[in-house]
Amino acid sequence: QARARPVGLLDSGVGGLSVLREVRAQLPAEDVIYVADQGHVPYGPRSIEQVREFTVKLARFLIAQDAKLIVVACNTASAAALYTLRELFPDVPFVGMEPAVKPAAHETQTGTIGVIATEATFQGELYASVVGRFAQGVEVITAACPEFVLLAEAGETDSPAAHEAIRRRLLPLAEAGIDQLVLGCTHFPFLKPAIQAVLGPGVTVVDPSAAVARQAGRVLEARGLLNPGARPGHVTYYTSGEVAAFRRVLGALLGEPVARGADVRAACWTEGDAALAAAPSAL
């Protein structure tokens, strides 16, 4: 039946696990298929057109797995492809990521907020639209932080290298007087404790993951697709990168018990096809 179908999540890599964590907490009965395109990570430095192409392929893969709703758990992919996905697949509900400028602009006391994301996110129409709608009268200072993505992909969220990168990128924003910092990439919440330690208590770090999970729940409920089951849902992970490396980072980011029990499978690009194909071997 429709309610028993899985929810799909897609990301360039492990960043979307920050959204998955919230989806599991808020919608525990839902089965989830998570696909990480680690064969092409990071998306941030790539062209909008290339990111759009990759994202459409990931969405086709999840639709082939009978996903009832797809969360584009990647700000760069949302910026590049969300409008396209809704046009190409009108029967599939999509929930995307947008930088949480609205709550930050509402809560700021200094009138200055910071937004950190990838280069591609800042180039997309979605970001410009959000700032235009919600940041009137507020100064928005931005910083592209591509190395934060690589740190999260390596599971290095609290290392000396992470703290040094955070200080280098974010202290100029703090000196400019921000009191709200919007995390505009799903990889960044895994660095949130280190970011908060560097910026101190005077800056609120805004993570939209919980709000995105709530929106996914609202869409499922509105369409009569919410799974009412009592049993905990199952998560299946696919990566277009190395399965063993994904499992190691899964342990670093979500905890070893999660990684030990995880159903992690290989995925590969198929020649001449627009979809991802699940490889027969699964670890």
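Residues in region 120-151 that are of a type in the set (Gly, Ala, Ser) and assigned to a strand (DSSP E or B): 143, 144. Annotation note: Cβ proximity below 6 Å between a residue of region 218-244 that is farther than 13 Å from residue 2 by Cα and a residue that is open to solvent by 90 Å² or more (accessible area, probe 1.4 Å) and assigned to a loop (DSSP other than H, G, I, E, B) (sequence gap 6+ or interchain) occurs for 243/283. Whether a residue is open to solvent by 10 Å² or more (accessible area, probe 1.4 Å), closer than 29 Å to residue 144 by Cα and touching a helix residue (DSSP H, G or I) at 6+ places or on another chain (Cβ under 9 Å) was assessed, and residue 72 does not pass this test. Checking each residue in region 168-196 for being surrounded by 14 or more Cβ atoms within 10 Å (Cβ to Cβ), out of contact with any Gly (no Cβ under 6 Å at 6 or more places or on another chain) and part of a helix (DSSP H, G or I) picks out 169, 170, 174, 188, 189, 190, 191, 192, 194, 195, 196. Being out of contact with any Phe, Trp or Tyr (no Cβ under 8 Å at 6 or more places or on another chain), buried (at least 20 other Cβ atoms within 10 Å of the Cβ) and not aliphatic (A, V, I, L, M) is the filter; apply it to region 53-69 and report the residue that is nearest to residue 187 (Cα to Cα). For region 53-69, the residue satisfying everything is 55. Residues in region 125-143 include none that are within 28 Å of residue 245 (Cα to Cα) and surrounded by 21 or more Cβ atoms within 10 Å (Cβ to Cβ). The residues on offer are 13, 8, and the sole one that is in contact with a strand residue (DSSP E or B) (Cβ under 6 Å, 6 or more places away or on another chain), farther than 21 Å from residue 223 by Cβ and of a type outside the set (A, V, I, L, M) is 13. In region 157-173, the residues that are under 20 Å from residue 17 (Cβ atoms) and among the polar types (S, T, N, Q) reach residues that are in a helix (DSSP H, G or I) and open to solvent by less than 30 Å² (accessible area, probe 1.4 Å) with C-beta atoms within less than 6 angstrom, at least six apart or across chains, in these pairs: 157/190; 157/191.
The values are calculated or read from the model by the stated rules, or taken from the named source; none is laboratory data. Being a predicted model, the structure only gives us computed values, none of them experimental. Note that each Cβ is placed from the backbone with ideal geometry, even for glycine, and that neighbours are counted across all protein chains shown. Ligands, DNA and RNA are stripped out before the accessible areas are found, and what is left, the full protein with its side chains, is counted by its heavy atoms. Shrake-Rupley method; radii C 1.70, N 1.55, O 1.52, S 1.80 Å.
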